[in-house]
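Novice: Take this structure, written in structure tokens, and hold onto it; I'll ask about it next.
The values are calculated or read from the model by the stated rules, or taken from the named source; none is laboratory data. Quantities reported herein were computed from a predicted structural model and do not represent experimental measurements. With ideal geometry, Cβ positions are generated from the backbone for all residues, glycine too; neighbour counts draw on all protein chains shown. Surface accessibility is based on the protein's heavy atoms, side chains included, excluding ligands, DNA and RNA. Shrake-Rupley method; radii C 1.70, N 1.55, O 1.52, S 1.80 Å.
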Amino acid sequence: MGGAELHSRRLAQELALQVPIEVARCCDEEARPTDLAFAYAEPRCVRDDDMLVHTIAPANSWKGGIRLLAEASKRSRIARGVYGHLARRLARSSFQNIADGATVAHAIYNGFTPGAQALQALGKPFVWTPLAHTTKPTGTAWSSPQFRALYRKADALIAMTDFEREWLIGQGASPSRVHVCPMAPLFAEDVPEPQRFRENHALGEDPFILFLGRTAQYKGYGTVLEATPRIWEQHPTARFVFAGPVTSEASALFSQHQDPRILVTGPLTDADKKSALAACSLVCVPSTEESLGVVYLEGWSFEKPVIAADIPALQSVIESGKDGLLIEPSTLAVANAVTELLGRPSWAAELGKNGARKVERQYNWASIADAHLKIYQSVI
């Protein structure tokens, strides 16, 4: 469901065209937070195309105890610390059963820190993609002592942008070990059907603004929602489509904005995502926490202008005024940016075309897989 998982899968598929790949995951459902889902996981192995995908899980004798700790960790920092220590130990044991033949261990972070720690402790050449959210308070999350230790121990670190590379070096990583290697847009082979998308959702020919992503607070869906009345003052026919998994918090907020010009689709199929991108007027996701922001690359792939929050990580990706707009993540700034793009369609089209050229040059899966293979060779 999440970007980290979807892009990890595509990267693994590309790598599997050239080398044997096996995947280990710490959870295979969305009902619980990723860091706690390990406690409830059941060991199993499935085949995904040419790859084996293993779900790591606690040993049976530990299941009752670690599940109690997982629940207690929601309320107690002490319990959370004990849970992390035990989860790391149990994850390492589970990894050991499947990693003996591996040449390189590569962890892509998606919320389960003990998993990365356990994989590093196996003694294999260790590559880590932390997908750092650099705006978190200093000393927490990606700048916590646990993470800083992993930055020093990793044989190679993969950053999404030049900014993230410099930030990781500032956290103690060796400059010679930090490589910039982004992800790329994810699309199915289906031919987009923008008119069908419009018809299916009764959008007519009105312009529509697309918010594409999980409705987590930091993604900025609420800011877009609150900006709608200001935008309608100048563009009363503008529609707003919110596409992606909907949290309970988001459902409550959407219920307060009952207007037929607001459409909440929930998650889209790959085919519908392409069709929505092809049909929309612009992509607006004023997220304040991103390591790369693949949603903007996806918008550019369909020559759409993008609006994003003006944060350091995205300053490495988007050239404001050339291929998108970087703005303060506020209601007024979102309203002004959307209004300006809708009011200047030729300029908006130019931004989208410039973005499409950037994606073609810098963000394609074949070259990204080759870059990863070179990094693996360097640590071997």
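Novice: Subtract the Cα-Cα distance of residue 85 and residue 247 from 0.36 nm times their separation in residues, and report this length gain in nm to one decimal.
Specialist: 55.4 nm
Novice: Right, another one. Highest mean first, how do 170-177, 354-361 rank when packing is the count of other Cβ atoms within 10 Å averaged over residues?
Specialist: Put in order of decreasing packing, that is 354-361, 170-177.
Novice: Okay, next question. What is the percent carbon and sulfur in the accessible area of region 41-169, measuring with a 1.4 Å probe over the protein chains and ignoring ligands?
Specialist: Using a 1.4 Å probe with all protein chains present, region 41-169 comes out at 51 percent carbon and sulfur.
Novice: Further question on the same structure: Could you rank 221, 40 by how accessible they are, 1.4 Å probe, largest area first?
Specialist: 40, 221
Novice: Which whole-number percent gives the relative contact order of the chain, counting Cα pairs below 8 Å spaced six or more residues apart?
Specialist: Answer for the chain is 14 percent.
Novice: On a C-alpha basis, how far is the centre of region 65-87 from the centre of region 309-380 in Å? Whole number, if you could?
Specialist: For region 65-87 versus region 309-380, the Cα centre distance is 39 Å.
Novice: Now a separate question. Calculate the FRET efficiency for residue 148 and residue 237 from the Cβ-Cβ distance with a Förster distance of 45 Å, rounded to the nearest 0.05.
Specialist: Calculated transfer efficiency: 0.30.
Novice: Next up: Give the percent of DSSP beta bridges with both residues in the chain that are antiparallel, rounded to the nearest 5.
Specialist: The answer is about 15 percent antiparallel.
Novice: Using the Cα gyration tensor of the chain, with a ≥ b ≥ c the square roots of its eigenvalues, what is the shape: rounded (a/c below 1.5), prolate (a/b larger than b/c) or oblate (neither)?
Specialist: prolate
Novice: Also, quick follow-up: What is the Cα coordinate range of region 57-169 on the first, second and third principal axes, sorted by size from largest, in whole angstrom?
Specialist: 45, 38, 17
Novice: So, one more: For region 100-231, just the Cα set please: Rg and Dmax, both in angstrom.
Specialist: 20.1, 59
Novice: Compute the separation of the alpha-carbon centres of region 1-18 and region 253-267 and state it in Å as a whole number.
Specialist: Computed from Cα coordinates, the inter-centre distance equals 31 Å.
Novice: Just the number please: accessible area per residue for the chain, 1.4 Å probe, all protein chains included, in Å².
Specialist: Accessible area per residue, the chain: 45 Å².
Novice: Shifting gears a bit: Too long at a 31 Å Cα-Cα cut-off: which of 136/353; 219/274; 219/358; 63/124?
Specialist: Over 31 Å apart, Cα to Cα: 136/353.
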